[in-house]
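The values are calculated or read from the model by the stated rules, or taken from the named source; none is laboratory data. On a predicted model such as this, the values are computed, not experimentally measured, just so you know. So basically every Cβ, Gly included, is an ideal-geometry build from the backbone, and we count neighbours across all protein chains shown. The accessibility values were calculated without ligands, DNA or RNA, using every heavy atom of the protein model including side chains. Shrake-Rupley method; radii C 1.70, N 1.55, O 1.52, S 1.80 Å.
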Amino acid sequence: MFDVIIAGCGPTGAMLAAELRLHDVRVLVLEKETEPASFVRIVSLHIRSLELMAMRGLLNRTLQHGRQRPAGGFFAAIPKPAPKSLDSAYAYLLGIPQPVIEHLLREHAIELGAQVRRGCAVAGFEQDDEGVTVELADGEQLRSRYLVGCDGGRSTVRKLLGVGFPGEPSRTETLMGEMEVGVPQEEIAAKVTEIRETHQRFWLRPFGEGVYSVVVPAAGVSDRAEPPTLEDFKQQLRTTAGTDFGVHSPRWMSRFGDATRLAERYRVGRVLLAGDAAHIHPPIGGQGLNLGVQDAFNLGWKLAAQIRGWAPETLLDTYQAERHPVAEDVLDNTRAQMELLSTEPGPQAVRRLLTELMDFDEVNRYLIEKITAIGIRYDFGEGPGLLGRRLRDIDLERGHLYGLLHRGRGLLLDRTERLTVGGWSDRVDYLADPTAELDVPCVLLRPDGHVAWIGDDQQDLDDHLSRWFGMPAN
């Protein structure tokens, strides 16, 4: 008997497993693939995801495997510099191979005690008042209290659950791969500069040792399960650029579309959805992996609280209440970005106008904060502007704030030195620090770093501790 079975050991599933293990939840992760992906696709960890890594002590080992670059120039590929003074200690992007970040998160979960089984596909499940019976493709049956589908855009869990996945199918498709080229770098750079004046879904970028990352519009929309061929790349390069650049010896090749869909519900009883199982969208802006990891960070402590028996009655419901609107916003901004990539005169005119508007720092900042998720504010009711937002990694007498959040517990940061967490000390830490870089007397942080309360009154604090962390232990 497990507490939670997670279908899918990608970044979302691995992060969720680790978050649950911080609270001694018995976790089994089922991954249908027998081996990790062999291709090396580079993904970008955005500011908020880097903050989450810092909160759990993972940032330093992650930075060793990635390349930092400024957090600008990626909304619809409009080349604008990063805004000045972004409100984060980690105001950059980290390019990192997807297999590497998946390995790091998976190993983190295993180090914390999660079990991972490869070559195990979920074929069916039934839930009742006590738990979920999960049937594997080989007929084996497993029992858990909850099941979470982190099994991608074609999620078996979502389909078996009968949750609607409304949205739009792909209208355009793009080929992406890594391969060697047969012409000089200067010739490639000049041609790419010329083509990208009107075709934003086109680039060849050096990847080291004569290998290039190649992106080019596909001839049409096809079955994504069918990988493209090298000849497909050559043909589309000739169509778009007039040359195939002598591409050869591909490392990997894939295709992606601009399908945009959002699950109607993130939870049905004891079965939940997270990551691409709950939402899919075009990869423009690089938000997909980040959105899934942030789903897991929001869900982990809440599901653990439910299992440990101290969750307030509606706590688990806040997962959908908070994350569904965030996904809606991501879907909308990727729709907008895809329109701005069109070569049609209307979208091109809008793109030119937005390019001018982004010269205003406020506009550029708003778009970057949206894409990197540091502008999110959950609705916790009326209160100061900081309420519901994440708190940046501020300086403290004992170091940095995020260093105190490694255990996945709540935190009361008290500048008055007069308050207490009392009977919640088994799930909320306390730090008195009159020197903390805050413009308010005290803040209560949830385990995901969002500000749940601001003030200096003990009774008001107790009410909010009960709201987020249940009844006191004594």
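Within the stretch 269-317, the set of residues being farther than 20 Å from residue 14 by Cα and in contact with a Phe, Trp or Tyr (Cβ under 8 Å, 6 or more places away or on another chain) comprises 282, 283, 285, 310, 312, 315.
Out of 350, 330, which single residue is crowded, with 18+ Cβ neighbours inside 10 Å, over 17 Å from residue 271 (Cα atoms) and without any contact (Cβ under 8 Å) to a residue 60 or more places away in the chain? Spell out how you get there, then give the answer.
Numbers: 350 fails: crowded, with 18+ Cβ neighbours inside 10 Å.
Within the list 350, 330, the selection yields 330.
Among residues of the stretch 374-399 that are more than 22 Å from residue 45 (Cβ to Cβ) and open to solvent by 80 Å² or more (accessible area, probe 1.4 Å), those with a Cβ under 7 angstrom from a residue that is modelled with pLDDT of 95 or more and part of a loop (DSSP other than H, G, I, E, B), sequence gap 6+ or separate chain, pair up as 379/388; 397/433.
Figure legend. Inter-residue proximity from the stretch 438-458: first residues under 17 Å from residue 315 (Cβ atoms), second residues basic (Lys, Arg) and open to solvent by less than 10 Å² (accessible area, probe 1.4 Å), beta-carbon distance below 8 Å, spacing 6+ or different chains. Indicated pairs: 452/446. When the stretch 1-60 is limited to residues that are over 17 Å from the mean Cα position of the chain (by Cα), of a type in the set (A, V, I, L, M) and open to solvent by 10 Å² or more (accessible area, probe 1.4 Å), the one that is farthest from residue 86 (Cα to Cα) turns out to be 1.
The residues on offer are 299, 316, and the sole one that is within 19 Å of residue 49 (Cβ to Cβ), in contact with a Leu (Cβ under 8 Å, 6 or more places away or on another chain) and open to solvent by less than 10 Å² (accessible area, probe 1.4 Å) is 299.
Exactly one residue out of 35, 102, 51, 107 is in a helix (DSSP H, G or I) and over 18 Å from residue 290 (Cα atoms): that is 107. Among the numbered conditions (1) assigned to a helix (DSSP H, G or I); (2) open to solvent by 40 Å² or more (accessible area, probe 1.4 Å), the only one that residue 151 does not meet is (1).
Here residue 422 does not qualify as in contact with an Asp or Glu (Cβ under 8 Å, 6 or more places away or on another chain), open to solvent by less than 20 Å² (accessible area, probe 1.4 Å) and farther than 19 Å from residue 85 by Cα.
In the condition set (1) within 22 Å of residue 371 (Cβ to Cβ); (2) open to solvent by less than 70 Å² (accessible area, probe 1.4 Å); (3) in a loop (DSSP other than H, G, I, E, B); (4) touching a residue at least 24 places away in the same chain (Cβ under 8 Å), residue 96 is compliant with all but (3). Can we say residue 284 is surrounded by 17 or more Cβ atoms within 10 Å (Cβ to Cβ), hydrophobic (A, V, I, L, M, F, W, C) and at pLDDT below 95? Against the criterion (surrounded by 17 or more Cβ atoms within 10 Å (Cβ to Cβ), hydrophobic (A, V, I, L, M, F, W, C) and at pLDDT below 95), residue 284 qualifies.
Select from the stretch 453-474 the residues that are under 19 Å from residue 308 (Cβ atoms) and crowded, with 21+ Cβ neighbours inside 10 Å and list them in ascending order. Of everything in the stretch 453-474, those that are under 19 Å from residue 308 (Cβ atoms) and crowded, with 21+ Cβ neighbours inside 10 Å turn out to be 465, 468, 469. Checked against the criterion of being hydrophobic (A, V, I, L, M, F, W, C), in a strand (DSSP E or B), open to solvent by 20 Å² or more (accessible area, probe 1.4 Å) and at pLDDT 95 or above, the stretch 425-432 contains one or more residues that satisfy it. Considering the stretch 61-91, and only residues there that are part of a loop (DSSP other than H, G, I, E, B) and over 28 Å from residue 331 (Cβ atoms), the residue that is least open to solvent (accessible area, probe 1.4 Å) turns out to be 89.
Residues of the stretch 228-245 that are part of a loop (DSSP other than H, G, I, E, B), surrounded by 13 or more Cβ atoms within 10 Å (Cβ to Cβ) and touching a residue at least 12 places away in the same chain (Cβ under 8 Å): 228, 243, 245. Restricting attention to the stretch 126-148 and to residues that are touching a residue at least 24 places away in the same chain (Cβ under 8 Å) and in contact with a Phe, Trp or Tyr (Cβ under 8 Å, 6 or more places away or on another chain), the residue that is surrounded by the fewest Cβ atoms within 10 Å (Cβ to Cβ) turns out to be 143.
Among the residues of the stretch 11-31 satisfying the criterion of being out of contact with any Gly (no Cβ under 7 Å at 6 or more places or on another chain) and assigned to a loop (DSSP other than H, G, I, E, B), which is farthest from residue 159 (Cα to Cα)? Quick ask: steps written out before the conclusion?
Pass one, the stretch 11-31, residues out of contact with any Gly (no Cβ under 7 Å at 6 or more places or on another chain): 13-15, 17-18, 24-28, 30.
Filter once more, keeping what is assigned to a loop (DSSP other than H, G, I, E, B): 24-26.
Working: 24: 30, 25: 26, 26: 25 Å.
Of everything passing the filter in the stretch 11-31, 24 is farthest from residue 159 (Cα to Cα).
Looking across the stretch 168-212, the residues that are closer than 21 Å to residue 286 by Cα, open to solvent by 40 Å² or more (accessible area, probe 1.4 Å) and not in a loop (DSSP other than H, G, I, E, B) come down to 168, 203, 205, 206, 207.
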